[in-house]
Amino acid sequence: MLTADQIAAMVNARIHGNPGTTISAVSSFDDAGPNDLTFAVDHSFFSRLDETNAGIILVPNEAPAVAGITLLYSDNPKLAFFKVVAHLMPAEPLAAFIHPSAVIADDCTIGDGTCIEAHVSIGKGCTVGSHVHIMANTVIGKQCRINDACRISPNVTLADKTRIGRQSIVHPNCVIGSDGFGFVQDGHAHAKLVHTGYVHIGDCCEIGAGNTIDRGTLGITRIGNGVKTDNQVHIAHNVKIGDNTLVVAQVGIAGSTTIGTDVIIAGKAGISGHLNIGDRAIIGPYAGVSGNVRPDDIVSGIPHMPHKIWLKVARIIPRLPNLRKRLLSLEKRLKKLESSRTEQS
């Protein structure tokens, strides 16, 4: 159990209401009960603060005060909320363990405190750091390196020479280091290019479920430190992604494209190959990026264009059928006028 006073001290928040209010669990805004902590960061919730049954609500500093409700004002209420979640529901400590069914090459190096679950396969020449958790049915190829405190979820495949930085998480069913879509025309056939590169994933990354990240054809496919990818993302051969970039679900990035630092790529965007996306750029959802994007630009649409222009285009598109009818009508009237003038002359 935690009191509002204790939570405020934990997350550096300001209390409105009863500092002795206690909670023992956390929940969403609509599902919370009297013993739950919740949070409200969207302005649409501010008029509904008296509708939740939560015992305590974490809110941003601009939220209105409501009589009879214990509020905790925070600069970042969502982050504060999940600090409390971590306190109430701490992760189970990792116990060193290697399951008897795991198949590990004799020359592998395994660090202290590492847990390797059932039916894991680790190839020759691999190095696995300390306090790494490799879950069931994962296959790790030859000469891979997994640094300290990583978590590799079930059914992951790491192909030969893959590098994973410290404290990174790879979610289930990812395939990292498979061959890229590399072929060359040979008459009517498509000859496969031999891929000798590998994938390097930096520190503190999180790779979403079902991601596919191709090895470099010759060099490296590089994912920078702090990069977070959502589920079902595809990253092709020799792509470079800068530090702290976010890649949302179902994004596809074609080969040899370079993404800068602190970039946001929204869901289902597609980015062509051999492009440069500048630092801090934002790619809108469903965008089709066919050319370079400058640093700090915000683009949307297919083909991509400045976001403000795309907003105007998006408003026009539903009106196009009626505009076409009006245009055809005007063309007919113009032809009649021209015909009438010709007859008069």
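If you scan the stretch 95-111, which residues turn out to be in a loop (DSSP other than H, G, I, E, B), over 19 Å from residue 145 (Cβ atoms) and of a type outside the set (Gly, Ala, Ser)?
Of everything in the stretch 95-111, those that are in a loop (DSSP other than H, G, I, E, B), over 19 Å from residue 145 (Cβ atoms) and of a type outside the set (Gly, Ala, Ser) turn out to be 99, 100.
Would it be correct to say that residue 274 is crowded, with 19+ Cβ neighbours inside 10 Å and more than 24 Å from residue 173 (Cα to Cα)? Spelling it out, it is not the case that residue 274 is crowded, with 19+ Cβ neighbours inside 10 Å and more than 24 Å from residue 173 (Cα to Cα).
Of the residues 341, 324, 315, which is surrounded by 10 or more Cβ atoms within 10 Å (Cβ to Cβ), free of Cβ contacts under 8 Å to residues at least 24 places away in the same chain and not in a strand (DSSP E or B)?
Just one listed residue meets the conditions, 324.
Restricted to the stretch 142-167, and to residues there that are more than 28 Å from residue 194 (Cα to Cα) and among the charged types (D, E, K, R), the residue that is surrounded by the most Cβ atoms within 10 Å (Cβ to Cβ) is 151. Among the residues of the stretch 181-213, the one identified as of a type in the set (D, E, K, R), within 16 Å of residue 243 (Cα to Cα) and either part of a strand (DSSP E or B) or not assigned by TED's automatic domain parsing to the domain that holds residue 253 (or both) is 206. Summed over the stretch 28-44, the residues that are assigned to a loop (DSSP other than H, G, I, E, B) and either surrounded by 18 or more Cβ atoms within 10 Å (Cβ to Cβ) or touching a helix residue (DSSP H, G or I) at 6+ places or on another chain (Cβ under 8 Å) (or both) give a count of 4.
Filtering 100, 90, 64, 60 for residues that are buried (at least 17 other Cβ atoms within 10 Å of the Cβ) and not small (Gly, Ala, Ser) leaves a single hit, 60. Do we have residue 175 as at pLDDT 95 or above and of a type outside the set (Ser, Thr, Tyr) here? In short, yes. Restricted to the stretch 142-164, and to residues there that are assigned to a loop (DSSP other than H, G, I, E, B) and under 13 Å from residue 127 (Cβ atoms), the residue that is nearest to the chain's Cα centre (by Cα) is 150.
Between 139, 184, 170, the distinction of being modelled with pLDDT of 95 or more, surrounded by fewer than 18 Cβ atoms within 10 Å (Cβ to Cβ) and of a type outside the set (S, T, N, Q) belongs to 139 only. For the stretch 67-92, the tally of residues that are over 24 Å from residue 51 (Cα atoms) and either touching a residue at least 60 places away in the same chain (Cβ under 8 Å) or part of a loop (DSSP other than H, G, I, E, B) (or both) stands at 7. If the condition is being outside any loop (DSSP other than H, G, I, E, B) and closer than 17 Å to residue 281 by Cα, then the stretch 229-261 contributes 229, 240, 241, 246, 247, 252, 253, 258, 259.
Among the residues of the stretch 147-167, those that are out of contact with any Lys or Arg (no Cβ under 8 Å at 6 or more places or on another chain) and under 21 Å from residue 237 (Cα atoms) comprise 156, 157, 158, 165. Close Cβ contacts (under 6 Å, 6 or more residues apart or on different chains) running from residues in the stretch 269-295 that are farther than 15 Å from residue 307 by Cβ to residues that are modelled with pLDDT under 95 and outside any loop (DSSP other than H, G, I, E, B) are absent.
Restricting to the stretch 1-26, give me the number of residues that are assigned to a loop (DSSP other than H, G, I, E, B) and buried (at least 17 other Cβ atoms within 10 Å of the Cβ).
Of the residues in the stretch 1-26, the ones assigned to a loop (DSSP other than H, G, I, E, B) are 1, 12-13, 17-21, 24.
With the extra rule that they be buried (at least 17 other Cβ atoms within 10 Å of the Cβ), the set shrinks to 13, 17, 21.
Of the residues in the stretch 1-26, 3 are assigned to a loop (DSSP other than H, G, I, E, B) and buried (at least 17 other Cβ atoms within 10 Å of the Cβ).
Each residue in the stretch 262-271 was checked for being among the hydrophobic types (A, V, I, L, M, F, W, C), part of a strand (DSSP E or B) and buried (at least 18 other Cβ atoms within 10 Å of the Cβ), and 2 pass.
Of all residue pairs spaced 6 or more apart or on separate chains, those with beta-carbon atoms under 6 Å, a first member in the stretch 149-160 that is over 12 Å from residue 211 (Cβ atoms) and a second member that is of a type in the set (S, T, N, Q) and surrounded by 21 or more Cβ atoms within 10 Å (Cβ to Cβ) are 150/168; 152/138. Residue check: is residue 114 under 22 Å from residue 150 (Cβ atoms), surrounded by 18 or more Cβ atoms within 10 Å (Cβ to Cβ) and in the same structural domain as residue 156 (by TED's automatic domain parsing)? When the stated conditions are applied, residue 114 passes them. Of the residues 230, 214, the single one that is under 18 Å from residue 158 (Cβ atoms), surrounded by 18 or more Cβ atoms within 10 Å (Cβ to Cβ) and in contact (Cβ under 8 Å) with a residue 24 or more places away in the chain is 214.
Given the structure, is residue 109 among the hydroxyl-bearing types (Ser, Thr, Tyr), closer than 30 Å to residue 132 by Cβ and within 32 Å of the chain's Cα centre (by Cα)? For residue 109, the condition - among the hydroxyl-bearing types (Ser, Thr, Tyr), closer than 30 Å to residue 132 by Cβ and within 32 Å of the chain's Cα centre (by Cα) - is met.
The values are calculated or read from the model by the stated rules, or taken from the named source; none is laboratory data. This is a predicted model, so every value here is computed, not measured. Reconstructed Cβ throughout: ideal geometry from the backbone, glycine too, with neighbour counts over all protein chains shown.
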